[in-house]
């Protein structure tokens, strides 16, 4: 008899993180190195607050792309750190992103 199998997937796409100096026009709200307070002004901190408030969990976090805005290297590094933080908060067994992946635990 087949067993039921359920997997919960969280998707975080189009982060478009960038260094403030690299993008004066503010095409994206996610700035590398931005202060986490007030919480409502920081997209990732706001998401983490929601995850904790609602006790959200996921088996896998997927980011299909656009981690940084306009190929900003600082934004790319910061976005990857944000994804790892979100993965940890969701208690995921793995993180998959275009070009990078962490092994499923």
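Here are some notes:
- With 0.36 nm allotted per residue and the present C-alpha distance subtracted, the residue 50-residue 70 stretch has 4.4 nm of extension available.
- Degrees, to the nearest 10: 73-90 long Cα axis against longest axis of the chain: 30
- Working from Cα pairs under 8 Å separated by at least six residues, relative contact order for the chain is 33 percent.
Here, each number is a calculation from the coordinates, and none is a lab measurement. The model shown is predicted, which means the values in this text are computed figures rather than measured ones.
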